[in-house]
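The structure under discussion appears below in the form of structure tokens.
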Amino acid sequence: MKQRLIVYIRRLSGVLVVFMLTTGLTLAADNWVTDEFEVMMRTGKSNQKSIIRQLKTGTRVEVLDTDTEAGYTKVRVSSGAEGWVLSRYLRSTPTAKLRVSELEQRLSRSESQRAELRRELDGLKKEQQELQRERSDLQSTNRSVQSQLERVTELSADTIQVDDQNRQLKQRLIDTEQQIEELERSNEQLSSRADREWFLIGGVVLTVGLLLGLIIPRINLRKKSSWSDF
């Protein structure tokens, strides 16, 4: 008898524990007011109790206690106020109207995000086009710079060649000037020698002339004296 009593008590204890756990989970859950009409939150579990406030459709409440026999549930609203409402006006999921409103809000947010993404995409496309134009401009500039560089390189090569030619011409000019100076010196020397030679020739001619001037008259006198002797 005692053993059966102990077994019964254990079973009853298990049932009570399960019931308490289940009740605790149920009380911790959130409920929503149905979308049929406004629900009165009262100070007690009776329509005779004072009305604390009217809960509109879709109002979220926190379940604190449930009296299944009376058909009332004690709830707490977001402002902190507590009271009793009829359990049949509560449901464990949001009302259709609330769900539609949430879906509309989500859709509106999605549309806004889509529009924002579209604007960002358009902006990125514009940036891409601008980058492509800049790339094209840079390529054109690069080609122009490359062409100029090649031209400068050619001019540099020509300049080097011209410098070499200028140096060669300058050296030839220096050599020519030296040759001219040597020729002038030689000419001066020749001129001096010619002057001296002409001076000597002139002296000789003069001397010969003087001698002839002295000799010829004597020869003539001798010839006359010889003819006179005959």
Extended-chain gain in nm, criterion 0.36 nm per residue less alpha-carbon gap, Leu190 and Gln105: 18.4 nm
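Using the C-alpha gyration tensor of segment 106-161, what are the square roots of 5 times its eigenvalues, in whole angstrom, with the largest one first?
52, 5, 4
Sorted from fewest to most neighbouring beta carbons within 10 Å, what does the list Val75, Val85 look like? Walk me through the intermediate numbers first.
Details: Val75 26, Val85 23.
With the fewest neighbours first, Val75, Val85 line up as Val85, Val75.
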Under the Karplus curve 6.51 cos²θ - 1.76 cosθ + 1.60, θ = phi - 60°, whole-Hz ³J(HN,Hα) for segment 110-123, x wherever Gly or Pro sits: 5, 5, 5, 5, 5, 5, 5, 5, 5, 5, 4, 5, 4, x
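Coordinate-derived values only; no laboratory data. Note that the structure is predicted; figures quoted are calculated from it, not measured. Here Cβ is always computed from backbone atoms with ideal geometry, including for glycine, and neighbour counts include all displayed protein chains.
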